[in-house]
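Participant: Quick one: the structure is below, questions incoming.
The values are calculated or read from the model by the stated rules, or taken from the named source; none is laboratory data. Predicted, not measured: the structure shown is a model, and the values here were computed from it. Cβ: placed from backbone, ideal geometry, glycine included. Neighbour counts: every protein chain shown.
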Amino acid sequence: MPNTLDKSYLETSIYKPGIFAGKVAFVTGGAGSICRVQVEALVLLGANAAIIGRNVEKTVSAAREIEQLRPGAKVLGIGGVDVRKVHDLKAAVDRTVAELGRVDLVIAGAAGNFLSNINNLSTNAFRTVVEIDLVGSYATAKATYEQLVKNQGQIIFVSATLHYTGLPLQIHASAAKAGVDALARALAVELGPLGVRSNVIAPGPIAGTEGMDRLLPPGQLDAALKKIPLQRMGTTQEIADATVFLFSPAASYITGQVTVVDGGNWHMGSYREMYPEKLNELNSDIASGKL
Ligand code: COA
């Protein structure tokens with residue numbers, strides 16, 4: 001299955017064309033491998049969108065390509081924005097409202113990660129991942145707050161499953177994503193009376209994503225697939241489909257929940273059989289600069 005969507009999604013999807021007509025999505029990390037496909041599904045189903053990223057060219061060209069998916073669609077690519085800077089995010093929201101009229105559907109998707117053990121992880125490196133993933137998610141909610149309340153909108157945080165168990169070489173991302181889940185839950189309770197829903201999507205192993213390419217140690221694909229209950233990696237479309245469900249009226253009574261899309265993977269505690277030999281090997285690769 002390709003890593004992007006095309007118009008055939010409208011024929012094969014169980015969702016009704018036009019369900020997001022008149023809605024505007026605001027998506028951080030929207031040019032990245034997972035969030036881009038979330039945006040594509042929303043746009044194909046009628047929404048306009050603004051995608052936010054650090055890289056100007058990548059963000060603007062992704063927006064142009066996504067816009068082609070539906071005649072009349074408008075997709076803004078707002079590059080040069082770092083989610084750690086709430087003022088820059090606020091300016092991006094203001095531009096979205098000026099050009100697209102409103103914001104209804106927010107995805108806090110921007111993230112940063114790498115494999116590192118505590119010995120090689122500086123305080124600044126730990127802080128950097130927490131700032132991008134957790135503070136960036138807070139900043140996205142903060143910057144879109146007025147629009148969310150005004151339009152009774154919804155927010156989805158893209159989290160992970162790494163922090164459900166103790167995963168070595170991921171202490172920084174695990175701490176950050178645990179915080180993201182807590183943020184989403186507390187926001188659901190705080191904003192529920194205002195008509196705003198807040199949920200989490202936790203992708204597991206998804207094929208063709210930067211995260212899998214970078215974080216799955218080389219040579220481990222076959223062994224990893226056998227340990228996934230559904231015996232395969234997920235697709236970006238499966239993350240997009242979960243996103244559409246949560247944003248759609250079919251999920252109108254669902255808030256403060258984590259939707260795990262991982263083929264059952266995290267229940268396996270998949271690092272167990274490789275422990276500690278594989279960990280020793282990876283630590284050597286980190287020490288020698290191979291990873
Ligand atoms: N191992 C250990 N430390 C690392 C590291 C690695 N692989 N990569 C970055 N760091 C450290 C840096 O050394 C620095 O710490 P220091 O100041 O003590 O030296 C700190 O992290 C910040 O790095 P810097 O590159 O200045 O930060 P940044 O804000 O420009 O980018 C990331 C941070 C996480 C986004 C960057 O590592 C990156 O570009 N990653 C790849 C893209 C990505 O993460 N995509 C998502 C995949 S899920």
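Participant: Just need a number here: residues in the stretch 62-103 that are among the acidic types (Asp, Glu), in contact with a strand residue (DSSP E or B) (Cβ under 8 Å, 6 or more places away or on another chain) and more than 17 Å from Ala143 (Cα to Cα).
Facilitator: The number of residues fulfilling the criteria is 1.
Participant: Determine if the stretch 161-168 includes at least one residue that is within 14 Å of the ligand (Cβ to nearest atom), over 30 Å from Ala287 (Cα atoms) and modelled with pLDDT of 95 or more.
Facilitator: The answer is no, given that none of the residues of the stretch 161-168 is within 14 Å of the ligand (Cβ to nearest atom), over 30 Å from Ala287 (Cα atoms) and modelled with pLDDT of 95 or more.
Participant: So which residues in the stretch 98-108 are more than 16 Å from the ligand (Cβ to nearest atom) and either surrounded by fewer than 18 Cβ atoms within 10 Å (Cβ to Cβ) or closer than 30 Å to Pro218 by Cα (or both)? Before the answer, list the steps.
Facilitator: Pass one, the stretch 98-108, residues more than 16 Å from the ligand (Cβ to nearest atom): 98-106.
Matches in the stretch 98-108: Ala98, Glu99, Gly101, Arg102.
Participant: OK, next. Considering Gly30, Gly79, which residue is closer than 22 Å to Thr243 by Cβ and within 16 Å of the ligand (Cβ to nearest atom)?
Facilitator: Only one candidate passes the filter, namely Gly30.
Participant: Restricting to the stretch 35-55, and then to whatever is within 15 Å of the ligand (Cβ to nearest atom) and surrounded by fewer than 24 Cβ atoms within 10 Å (Cβ to Cβ), can you tell me which residue is farthest from the chain's Cα centre (by Cα)?
Facilitator: Asn55
Participant: Suppose the filter is among the hydrophobic types (A, V, I, L, M, F, W, C), more than 17 Å from the chain's Cα centre (by Cα) and modelled with pLDDT of 95 or more; does Ala250 pass it?
Facilitator: Spelling it out, Ala250 is indeed among the hydrophobic types (A, V, I, L, M, F, W, C), more than 17 Å from the chain's Cα centre (by Cα) and modelled with pLDDT of 95 or more.
Participant: Here are the criteria: (1) crowded, with 19+ Cβ neighbours inside 10 Å; (2) touching a Leu at 6+ places or on another chain (Cβ under 6 Å). Tell me which single one Val129 does not satisfy.
Facilitator: The single condition Val129 does not satisfy is (2).
Participant: While we're here: Looking at Val149, is it within 14 Å of the ligand (Cβ to nearest atom) and modelled with pLDDT of 95 or more?
Facilitator: no
Participant: What is the residue count in the stretch 152-179 for residues that are in a loop (DSSP other than H, G, I, E, B) and more than 14 Å from the chain's Cα centre (by Cα)? Outline the logic, then answer.
Facilitator: Restricting attention to the stretch 152-179, the residues satisfying the condition of being in a loop (DSSP other than H, G, I, E, B) are 152-153, 159-161, 165-170.
This time we only want the ones that are more than 14 Å from the chain's Cα centre (by Cα), so: 152-153, 165-170.
Total satisfying the criteria: 8.
Participant: If you check Lys142 against the conditions, is it in a helix (DSSP H, G or I) and either hydroxyl-bearing (Ser, Thr, Tyr) or within 13 Å of the ligand (Cβ to nearest atom) (or both)?
Facilitator: no
Participant: Shifting gears a bit: Go through the stretch 180-291 and tell me which helices (runs of 4 or more DSSP H), entirely inside it, have 2 or more residues that are exposed (fewer than 14 other Cβ atoms within 10 Å of the Cβ) and in contact with a Gly (Cβ under 6 Å, 6 or more places away or on another chain). Lay out the reasoning, then the answer.
Facilitator: On the way: elements: 210-215, 221-226, 236-247, 277-288.
Output list is empty.
Participant: So if I check each of Ala125, Ala186, Ala111, Ala178, which one is among the small types (Gly, Ala, Ser), within 10 Å of the ligand (Cβ to nearest atom) and farther than 19 Å from Gln38 by Cα?
Facilitator: Numbers: Ala186 fails: within 10 Å of the ligand (Cβ to nearest atom); Ala111 fails: farther than 19 Å from Gln38 by Cα; Ala178 fails: within 10 Å of the ligand (Cβ to nearest atom).
Residue meeting the stated conditions: Ala125.
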